[in-house]
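Beneath this line is the structure, given in C-alpha cells, with notes to follow.
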Amino acid sequence: MKKSYKLLYIFVISSICGYFIELIWTFVTKGIFVNHSAVAIGPFNFAYGICAVVFTLLLERYKDESYLKVFLLSFIGGSILEYIMSWGMELVLGFTAWDYSHRFLNINGRICLLYSLFWGALGILWIKILYPRIENMLSKAKENVYKPAAFCITIFLVFDIIFTVSAVSRAHKADIGIPPQNGYQRFLDNTFNSKYLKNMFNNNWE
C-alpha cells in the first residue's frame, strides 16, 4: 500500500479508536457519555488521528531506537502538536475542547507537563506496539479495494468538516437570537444545535 493511502487509513482508524477511548474514559471517570467527535457526523476524534499520522512520520525511522529516544521525540512532538491543535481550533471555531490552565506547568492552558508525559508514553506505545500491527494489517489490503474506499472516505470527511463548520456557525447565530432563514438552517437548529455541540466539544462551547 502506498504511503499516502496508509497514512489516510491510519488517520481514520486512530480517529475512530480515539473516539471510543474518550467515550469509555469519560463514562468510567464521570459516569456520563460525552460525544468527543471532532465532526458532527460519525465517531471521529481527529486529535488521535492527527497524532497517529504525525507520530508515524516522526518516529517511523526511529522504531528500532531506544525507548528513551522515542519518548523524548514523542514528548516534544506531541506537545507541539497539541499546542497547534488547540490554537487552530480556537482560531477556526472560536473555542478549544480542553483547557489546562489549572494544571501544573502549563503553557497558555494549551499544553501541560502531565499530558506531555502522556504524549511521550503514547509515542512508545504507538511506534513499538500498535503501528507495526496496523501496518501489517494494511499491507494485506488489495489495491482494487483500498483505493476506491479511500476516495469515498476522503469525500465523506471533507463533507463532514464543511458541514460541522456550518453547524457551528449557525449555532452561534441561533444563540444570539438570529432566526433561521431557510429549511437547512431550521434543520441545524433542530438537530446539530448548541446543546448537541456543547456535548460534542467537551462542554467548552461558548
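The values are calculated or read from the model by the stated rules, or taken from the named source; none is laboratory data. Keep in mind the model is a prediction, meaning the values are calculated, not measured. A quick note on method: Cβ atoms are made from the backbone with ideal geometry, for glycine too, and the neighbour counts reach across all protein chains shown.
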Original post:
Got a number for residues in the stretch 82-103 being outside any helix (DSSP H, G or I) and modelled with pLDDT of 90 or more?
Top reply: 4
Original post:
Applying the selection to the stretch 25-68, what residues are in a helix (DSSP H, G or I), surrounded by fewer than 19 Cβ atoms within 10 Å (Cβ to Cβ) and not aliphatic (A, V, I, L, M)?
Top reply: 25, 26, 27, 29, 30, 60, 61, 62, 67
Original post:
Just one of 159, 192 is surrounded by fewer than 16 Cβ atoms within 10 Å (Cβ to Cβ) and either touching a residue at least 60 places away in the same chain (Cβ under 8 Å) or part of a helix (DSSP H, G or I) (or both); which is it?
Top reply: 159
Original post:
For the stretch 92-123, what are the residues that are within 16 Å of the chain's Cα centre (by Cα) and either among the charged types (D, E, K, R) or over 25 Å from residue 59 (Cα atoms) (or both)?
Top reply: 92, 93, 95, 96, 97, 98, 99, 110
**OP:** Just need a number here: residues in the stretch 1-24 that are outside any helix (DSSP H, G or I) and touching a residue at least 60 places away in the same chain (Cβ under 8 Å).
**Re:** 1
Original post:
Taking interchain pairs and intrachain pairs at least six residues apart, which have beta carbon atoms under 9 angstrom, with the first residue in the stretch 91-112 and on the phi < 0 side of the Ramachandran plot and touching a residue at least 60 places away in the same chain (Cβ under 8 Å) and the second of a type in the set (D, E, K, R) and part of a loop (DSSP other than H, G, I, E, B)?
Top reply: 95/206; 96/110; 98/110; 99/110
Subject >> Qualifying residue in the stretch 168-187 (condition: closer than 12 Å to residue 40 by Cα, part of a helix (DSSP H, G or I) and at pLDDT 95 or above) >> reply: no
Original post:
In the stretch 84-141, which residues are in contact with a strand residue (DSSP E or B) (Cβ under 7 Å, 6 or more places away or on another chain) and either within 21 Å of residue 46 (Cα to Cα) or crowded, with 16+ Cβ neighbours inside 10 Å (or both)?
Top reply: 100, 106, 112
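Looking at the stretch 78-87, is at least one residue free of Cβ contacts under 8 Å to residues at least 60 places away in the same chain and more than 16 Å from residue 50 (Cα to Cα)? Can you show your working first?
Initially, the stretch 78-87 is screened for residues free of Cβ contacts under 8 Å to residues at least 60 places away in the same chain, giving 78-87.
Now narrow it down to the ones that are more than 16 Å from residue 50 (Cα to Cα): none.
The answer is no; no qualifying residue exists.
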